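J.: Following this message is one structure expressed as structure tokens.
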Amino acid sequence: MYVITGASGNTGSVTAERLLAQGQKVRVVGRDAKRLERFKQKGGEAFVADMTDAAALEKAFSGAKAVYAMIPPNITAPDVRSYQERVSDALASGIKKCSVTHVVALSSIGADKPDKVGPVVGLHNWEKKLEAITGLNAIFLRAGYFMENILPQAGVIQSMGIMAGPLRPDLPLAMIATRDIGAAAADFLSKLDFAGKQSRELLGPRDVTYSEVARVVGAAIGKPDLTYKQFSSAQLKPVLTQMGMSSNMVDLLLEMTDSLNSGYMKALEQRSPKNTTPTTIETFVAELFVPAYRGKAARA
Ligand SMILES: NC(=O)c1ccc[n+]([C@@H]2O[C@H](COP(=O)([O-])OP(=O)(O)OC[C@H]3O[C@@H](n4cnc5c(N)ncnc54)[C@H](OP(=O)(O)O)[C@@H]3O)[C@@H](O)[C@H]2O)c1
């Protein structure tokens with residue numbers, strides 16, 4: 001039986017769907033039974049648990065042949081780093097107590113760094129906690145910058161007529177669609193051919209700058225002159241707080257973007273067929289961004 005955490009989310013849902021489609025036994029974990037219902041209809045077993053609850057995760061992982069394990073984001077937490085530590089402690093404890101032999105763990109580029117990478121420090125520590133479990137075989141999927149991060153730009157374009165954010169317009173980013181991460185995780189889980197602890201980067205099909213994203217989005221929404229403008233941390237902090245992030249989350253996010261801008265946080269592997277994934281920014285924009293943008297326009 002495979003156990004998939006974050007199963008109603010971006011990556012976990014794809015991993016669970018793929019394994020179920022292969023006829024595998026799958027237990028899906030989330031906080032909301034209703035959001036897990038779709039997997040039950042396909043033969044999955046739903047397990048409601050909060051990932052800060054070590055005892056619940058111990059039950060969730062019992063009998064698992066392998067686990068897809070991730071730390072769900074919590075952008076409203078007053079102390080995001082301590083929330084991440086509680087989740088990674090609970091996950092590691094469940095994995096250890098149930099003697100799980102194989103884990104595919106979601107991590108990020110930058111997780112090699114112990115400091116100055118904002119929320120990614122939580123993923124660095126998460127990898128360390130798994131490294132400390134004797135006998136465990138684990139893959140740390142160090143994913144690039146999620147293409148989904150550009151979805152809030154739909155609202156920015158509506159209100160300001162441009163795309164805007166803290167990253168340099170000319171910064172090449174390994175942008176990846178989350179569905180490709182979910183698919184890669186499913187592949188590792190179905191083969192279970194990894195041993196020891198290893199990190200594996202997933203970098204999308206090519207590096208993309210925000211200027212290029214603006215050109216792709218502009219062409220797709222009929223605004224060929226759309227541009228991206230970098231704003232300072234001081235300008236962005238009140239905007240991001242107003243969008244619902246806790247003050248601590250905004251500080252961590254801006255620390256991470258500073259490290260991306262300076263090159264301190266970056267992919268370490270050379271691009272290769274192993275770390276290159278299929279969904280292009282053009283496909284992502286056509287299939288996910290444009291409907292989100294049109295939906296927002298229709299509601300406005
Ligand atoms: N954004 C990036 O560019 C980037 C890059 C690399 C790595 N990452 C990492 O990727 C991860 C996010 O992956 P994702 O996008 O697949 O996640 P996601 O879609 O945001 O969330 C996964 C699911 O977790 C569930 N969840 C939330 N809080 C929970 C809790 N306390 N207990 C149990 N379940 C909970 C939610 O479902 P319910 O509400 O139904 O419970 C949610 O659907 C983070 O660890 C992030 O650091 C992000």
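Nothing in this text is a laboratory measurement; each read-out follows from the coordinates by a stated rule. Values in this document were obtained by computation on a predicted structure and should not be read as measured data. Neighbour counts run over all protein chains shown; Cβ positions are idealised from the backbone, glycine included.
J.: Output wanted: per-residue J couplings in Hz (rounded whole) for the range 215-225, from phi through Karplus 6.51 cos²θ - 1.76 cosθ + 1.60, θ = phi - 60°, x for Gly and Pro.
T.: 5, 5, 5, x, 5, 6, 10, x, 10, x, 8
J.: Rounded to the nearest 20 debye, what is the charge dipole size of the chain about its Cα centre when +1 sits on each Lys and Arg Cβ and -1 on each Asp and Glu Cβ?
T.: Details: 36 positive and 29 negative charges, 122 e Å.
Roughly 580 debye for the chain.
J.: Step through the residues of the range 161-167 one at a time and calculate ³J(HN,Hα) from phi using the Karplus curve (6.51 cos²θ - 1.76 cosθ + 1.60, θ = phi - 60°), rounding each to whole Hz and writing x for Gly and Pro.
T.: x, 9, 9, 8, x, x, 7
J.: Next question. How high is the relative contact order of the range 160-300, in percent, counting Cα pairs under 8 Å that sit 6 or more residues apart? Don't jump to the answer; show the numbers that get you there.
T.: Working: 150 pairs, mean separation 53.0, N = 141.
Averaging sequence separation for qualifying contacts and normalising by length gives 38 percent for the range 160-300.
J.: Treating the beta-carbon of each Lys and Arg as +1 and of each Asp and Glu as -1, no other charges, what is the dipole magnitude of the range 179-252 about its Cα centre, to the nearest 20 debye?
T.: Values: 9 positive and 8 negative charges, 22 e Å.
That gives a dipole near 100 debye.
J.: Another question, if that's okay. Can you give the FRET efficiency for K229 and R294, using 1/(1 + (r/R0)^6), R0 = 30 Å, r = Cβ-Cβ distance, to the nearest 0.05?
T.: So the FRET efficiency works out to roughly 0.85.
J.: For the range 198-257, what does the alpha-carbon gyration tensor say about shape, rounded, prolate or oblate, given a ≥ b ≥ c as the root eigenvalues, a/c under 1.5 as rounded, and a/b over b/c as prolate?
T.: Numbers: a/c = 2.56, a/b = 1.18, b/c = 2.18.
Cα axes put the range 198-257 in the oblate bin.
J.: Report ³J(HN,Hα) in whole Hz for each residue of the range 75-90, in order, from the Karplus equation J = 6.51 cos²θ - 1.76 cosθ + 1.60 where θ = phi - 60°; Gly and Pro get x.
T.: 6, 9, 4, x, 9, 5, 5, 6, 4, 4, 5, 5, 5, 5, 5, 5
J.: List the residues whose amide H sits under 5 Å from the amide H of L202, counting only those 5 or more places along or on another chain, with H placed 1.01 Å from N in the peptide plane.
T.: R142, A143, G144
J.: Further question on the same structure: Go through 129-141, 221-233 and give me the packing order, highest mean Cβ count within 10 Å leading.
T.: Packing proxy ranking, top to bottom: 129-141, 221-233.
J.: Still on this structure, please answer the following. Of the listed pairs K129/K266; K40/K197; K229/K274; K59/K113; K65/K116, which have alpha-carbon separations greater than 27 Å here?
T.: K40/K197; K229/K274; K59/K113; K65/K116
J.: Work out the charge dipole of the chain with +1 on the Cβ of Lys and Arg and -1 on the Cβ of Asp and Glu about the Cα centre, then indicate which of A297, Q41, L189 is farthest towards its positive end.
T.: Q41
J.: Pop out the Kirkwood hydrodynamic radius of the range 86-192 from its pairwise C-alpha distances, inverse of mean 1/r, in Å to one decimal.
T.: 15.9 Å
J.: Compute the acute angle (0 to 90°) between the alpha-carbon long axis of helix 178-191 and the principal axis of greatest extent of the alpha-carbon atoms of the chain; round to the nearest 10°.
T.: Taking the Cα atoms of the chain, the angle to 178-191 is about 20 degrees.
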